[in-house]
């Protein structure tokens, strides 16, 4: 499915000109891994028990824009960002939002 993705970071405006995402950062791709370790201990029902989910790094790719210097600064200073919002929208037409991800106390750990 084709989609458009946008990132909103407190205090770091981007260059999106999309009507619903003015000044957000346009994302070209992202990846995020999660895994659910299964305990070797069986539950009362006889199946493996679920544990706390492990989240991997949330990786975002975007084109160089006016947000880039602030992102470089964030990685250099280790400053935590209060909140970020990522929205995935259907490409073209009405750009209906079908997924929203909110993260709090975000650390920008690397830029490549």
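Nothing in this text is a laboratory measurement; each read-out follows from the coordinates by a stated rule. Quick caveat: nothing in here was measured; it's all calculated off a predicted structure. Ideal geometry is used to build each Cβ from the backbone, glycine not excepted, and the neighbour counts take in all protein chains shown.
If you go through region 77-112 and keep only what is touching a residue at least 24 places away in the same chain (Cβ under 8 Å) and at positive phi, you end up with 78, 92, 95, 105. Pairing residues of region 59-76 that are touching a residue at least 24 places away in the same chain (Cβ under 8 Å) and on the phi < 0 side of the Ramachandran plot with residues that are part of a strand (DSSP E or B) and surrounded by fewer than 12 Cβ atoms within 10 Å (Cβ to Cβ), at Cβ distances under 7 Å and at least 6 apart in sequence or on separate chains, gives 59/31; 61/29.
Within region 79-98, the set of residues being closer than 14 Å to residue 27 by Cα and over 11 Å from the mean Cα position of the chain (by Cα) comprises 89, 90, 91.
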